[in-house]
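Contents: one structure, followed by commentary.
The values are calculated or read from the model by the stated rules, or taken from the named source; none is laboratory data. Because the structure is predicted, anything quoted here is derived from the model rather than measured. Here the Cβ is made from the backbone with ideal geometry for all residues, glycine too, and neighbour counts use every protein chain on show. These area figures cover heavy atoms from the full protein model, side chains too; ligands, DNA and RNA do not enter into them. Shrake-Rupley method; radii C 1.70, N 1.55, O 1.52, S 1.80 Å.
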Amino acid sequence: ANKMMSSMTMAAAAPPTQFDVPNVSDPALYCRSNFASACGNSDAAQTVKFAKGTTTLAFKFNGGIIVSVDSRSTMGAYIASGTVQKVIEINPFLLGTMAGGAADCSFWERNLGTQCRLYELRNGKRISVASASKLLANTMSSYRGYGLSMGTMVTGWDETGPQLYYVDDDGTRLKGKYFSVGSGSTYAYGVLDTHYRDDLTVEEAIDLGKRAIYHATHRDAASGGINNLYHVTKEGWIKVHAIDVNDMHYQFKEERESGMAN
Amino acid sequence: MDSVFGITYKGGVILATDQTNARSILTYQHNLDKITNLTSHSAMGVSGPNCDMVNFTEYISKNLQLYELSSHGTIKLSPYAQANFARNELAKALRKGPFQVNVLLGGYDTKKDVPELYFMDYLAALQKIKFGAQGYAGNFVLSIFDKEYREDMEFEAALKVIEQCIQELHVRFLINQPNFIIKKIDKDGVSVVKFGADPADT
């Protein structure tokens with residue numbers, strides 16, 4: 001039975017040894033100069049700018065993991081979409097977030113989903129979050145210098161408990177308790193760092209995730225739209241809510257005013 | 001921006017690195033362990049991008065462990081052999097896809113009963129040293145090492161020098177590196193002396 005398994009093993013999910021590259025003399029240079037990275041204003045001179053600008057965050061706490069994202073997609077100063085799904089449902093137990101190039105994120109996380117499914121079929125059990133994030137980080141590593149733009153958090157609940165990994169386009173892979181990624185991440189960190197605790201209740205955690213995104217969308221022009229929030233538990237993830245951040249603005253304003261009046 | 005520095009003393013080596021991982025203006029993590037254990041009596045303090053750091057250290061440490069396993073535990077590679085193996089891998093990768101890592105490899109040679117410290121940079125240069133540093137940290141700490149180092153100093157004295165170096169970085173280095181992890185390698189193996197933030201707290 002083992003022999004049969006090994007002869008049926010294919011390298012289908014491994015990064016290909018022949019990459020599709022632009023038909024120019026120096027593909028890496030071409031990618032770097034024409035598909036600028038998500039950081040800063042390096043694509044100011046380009047006619048076609050990548051869709052980017054976002055706030056995503058995820059944090060672990062005693063009741064599981066909260067993943068909270070915005071839904072705005074910008075191309076330069078133009079808001080291309082207000083309804084982007086920035087949480088990618090890799091499988092019922094694994095979530096990935098999207099920041100950077102939308103195409104890169106959704107393609108490579110979908111590809112990760114394929115690799116995870118193949119792992120399940122070959123090994124008869126679900127893949128761990130550590131392995132899944134390592135597969136993605138290795139893929140990013142092999143495409144270094146080719147202009148991919150992706151800052152993602154891979155999160156889920158496996159045999160070792162809730163896990164959260166940050167993976168990005170230059171092959172960085174970090175394990176942590178909470179991360180925020182995107183142009184609005186500094187604003188989200190402000191709220192997260194101040195109020196995060198291990199022992200938040202589920203309600204408090206959802207509120208924290210919601211508020212951190214709201215505050216980031218308030219200050220960052222490239223973030224906005226709808227706050228999509230997910231909660232990951234031992235049984236898998238569930239989508240908690242999808243609330244327009246504008247509605248949150250007026251709701252919080254009312255709360256503050258009624259609080260001051262009291 | 002990583003700070004990596006180390007010093008040999010009578011009976012061992014102390015390695016210290018900062019624990020920060022940052023990109024642009026954001027600190028992603030402040031409890032990273034940048035000193036990878038290689039074998040039972042050696043470790044490598046590494047600076048460079050996280051991707052190269054992880055890929056290089058995992059590659060070297062797993063290959064070293066494989067070598068020892070294949071010999072059924074009869075051959076234990078000396079720090080000299082391990083350093084040369086690592087340097088050779090850096091040299092092979094140099095003209096292909098270089099590992100942009102600068103390394104301080106510290107080890108205790110259990111046969112000769114001496115501690116050894118090796119400086120290795122991303123261009124595959126290798127040099128045995130008594131104390132040293134990688135990165136901007138060198139600008140601040142090498143003078144402290146030059147002044148305070150004594151041949152065959154005791155562990156407590158060497159640790160004091162390391163802590164003076166950390167204090168100097170806190171005072172004068174522009175980049176905020178609040179946490180440092182310090183490990184020692186001696187005849188009993190690799191152990192953590194202290195850390196600013198627990199690397200396992202994730």
Between rounded, prolate and oblate, where does region A:134-174 land on the alpha carbon gyration tensor, with a ≥ b ≥ c its root eigenvalues, rounded for a/c under 1.5, else prolate if a/b exceeds b/c?
-> prolate
Separation between Cα centres of region A:143-190 and region A:213-262, rounded to whole Å = 21
With a point put 7 Å past each Cα toward its Cβ, work out how far A:ALA242 is from A:GLU89 in nm, to one decimal.
-> 1.0
Might you report the magnitude of the Cβ-based charge dipole of the protein assembly as shown about its Cα centre, with Lys and Arg at +1 and Asp and Glu at -1, to the nearest 20 debye?
-> 1060
Take B:GLU154, project a point 7 Å from its Cα along the Cβ direction, then tell me which residues of region B:4-21 have their backbone nitrogen under 14 Å from it.
-> B:10-11
Inter-chain shielding metric for B:37-50, i.e. average beta-carbon neighbours from other chains within 10 angstrom, reads 1
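So, R0 is 25 Å and r is the distance between the beta-carbons of B:LYS10 and B:ALA125; what FRET efficiency does that work out to, to 0.05?
0.35
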Per-residue SASA entry for A:ASP26, accessible area with 1.4 Å probe, Å² rounded to 10 | 70
Heavy-atom accessible area ranking, 1.4 Å probe, most first, across B:PHE119, B:PHE195, B:PHE5 | B:PHE195, B:PHE119, B:PHE5
Partners for B:LYS111 among aspartates and glutamates (Cα-Cα distance below 19 Å; same-chain residues under 8 apart left out) | B:GLU68, B:ASP152, B:ASP186, B:ASP188
Averaged across the residues of B:195-201, what count of C-beta atoms belonging to other chains lies within 10 Å of each residue's C-beta?
-> 1
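Sort A:LYS86, A:LYS175, A:LYS125 by heavy-atom solvent-accessible area, probe 1.4 angstrom, most to least.
Per-residue accessible area, sorted high to low, gives A:LYS125, A:LYS175, A:LYS86.
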Filter the cross-link list A:LYS175/B:LYS62; B:LYS96/B:LYS160; A:LYS177/B:LYS92; B:LYS92/B:LYS128 down to pairs whose alpha-carbon distance in this structure exceeds 32 Å.
-> B:LYS96/B:LYS160; A:LYS177/B:LYS92
What does the convex hull of the Cα atoms come to per residue for chain B, in Å³?
-> 117
Take chain B, connect every pair of alpha-carbon atoms lying under 10 Å apart with a spring to form a Gaussian network, then pick out the residue of B:ILE129, B:ILE182, B:ILE166 with the largest mean-square fluctuation.
-> B:ILE129
Where does chain B land at 222 nm, in deg cm²/dmol rounded to the nearest 500, when only DSSP H runs of n ≥ 4 count, each adding -39500 (n - 2.57), divided by all residues?
-> -11000 deg cm²/dmol
So, with points 7 Å from each Cα along the Cβ direction, the A:GLU159-B:LYS194 label distance in nm works out to 3.8
Whole Å is fine, so just give me how far the alpha carbon centre of region B:16-82 lies from that of region B:147-202.
-> 17
To the nearest 0.05, what FRET efficiency results for A:VAL24 and B:SER24 with a Förster distance of 30 Å applied to their C-beta separation?
-> 0.55
How would you classify region A:69-163 from its alpha-carbon gyration tensor, with a ≥ b ≥ c the square roots of the eigenvalues: rounded for a/c under 1.5, else prolate if a/b is greater than b/c, otherwise oblate?
-> prolate
Got a number for the accessible area of B:GLU58? Probe 1.4 Å, square angstrom, nearest 10.
-> 80
Between B:SER71 and B:GLU168, what length comes free when the chain is fully extended (0.36 nm per residue of separation minus the Cα-Cα distance, one decimal in nm)?
-> 30.4 nm
Cut-off 18 Å (backbone N to label point 7 Å along Cα→Cβ of A:ARG122), residues of region A:140-171 | A:140, A:142
A correct Stokes-Einstein calculation for region A:148-195, using the alpha-carbon Kirkwood radius, 25 °C and 0.890 mPa s, returns a whole-number D in µm² s⁻¹ of 207
Among A:LYS125/A:LYS239; B:LYS130/B:LYS187; B:LYS147/B:LYS187; A:LYS60/A:LYS125; B:LYS10/B:LYS183, the pairs whose Cα-Cα distance exceeds 19 Å are A:LYS125/A:LYS239; B:LYS147/B:LYS187; A:LYS60/A:LYS125
Would you mind giving the total buried accessible surface between chains B and A, with a 1.4 Å probe and ligands, DNA and RNA left out, rounded to the nearest 100 Å²?
-> 1500
Report Rg (one decimal) and Dmax (nearest whole number) for region A:77-132, counting Cα atoms only, units Å.
-> 13.5, 48
Share of Cα-Cα pairs in the protein assembly as shown beyond 27 Å, in percent?
-> 60
The simple spin-label model distance between B:ASP146 and A:GLN251, using points 7 Å out along Cα→Cβ, in nm, is 6.3
Carbon and sulfur atoms: what percent of the 1.4 Å accessible area of region B:79-202 do they account for?
-> 50
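With a probe of 1.4 Å, find how much accessible area the protein assembly as shown has per residue, and write the answer as a whole number in Å².
49
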